[in-house]
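Single-structure report; data block below.
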């Protein structure tokens with residue numbers, strides 16, 4: 001399907017499994033529409049707002065997520081891999097004004113696994129770290145020991 005419109009409004013439709021190519025719409029309003037198993041390739045989705053959506057099984061590859069905000073979502077079983085400020089095949093040089101630091105606030109990371117990840121300069125503030133281990137070292141126990149030694 002090749003389509004160029006200024007405003008496209010889809011309501012109460014089932015277009016599951018559809019394939020869209022060369023769709024250009026300045027505004028696209030989708031309300032109560034099933035898009036299950038739809039593939040979107042090479043799309044500019046800047047400024048998109050998703051509300052009350054089921055994204056289970058969502059796969060995002062080779063995407064620019066700069067400035068993305070996720071609020072009030074469930075993420076059990078989510079897997080984040082090769083995410084940084086640039087090319088996934090290159091070493092990261094840190095954040096810049098164009099690539100501000102990632103912020104994780106009020107999230108449940110209980111039993112999460114962080115593996116082979118650059119945590120240089122990470123600040124952990126006001127978090128429950130009971131049972132947090134880094135390379136097998138119990139950090140909460142280490143901090144308790146440190147407090148005793150300071151007393």
Two-decimal Rg/Rh of the chain from alpha-carbon positions, Kirkwood Rh?
-> 1.07
Give me the angle, in degrees from 0 to 90, between the Cα long axis of helix 139-150 and the longest principal axis of the Cα atoms of the chain, rounded to the nearest 10.
-> 40
Relative contact order [Cα under 8 Å, 6+ residues apart], the stretch 1-53, whole percent | 37
Relative contact order for the chain, counting Cα pairs under 8 Å that sit 6 or more residues apart, in percent = 12
If one computes the Cα centroid of the stretch 27-62 and of the stretch 104-151, what distance in Å separates the two points?
-> 35
May I have the convex hull volume per residue, in Å³, for the Cα set of the stretch 1-53?
-> 82
Helix-only mean residue ellipticity at 222 nm for the chain, each DSSP H run of n ≥ 4 adding -39500 (n - 2.57), per residue, nearest 500 = -2500 deg cm²/dmol
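The numbers here are math on the coordinates, done by the rules we state, and not lab data. Keep in mind that what you see is a predicted model, and the values were worked out from it rather than measured.
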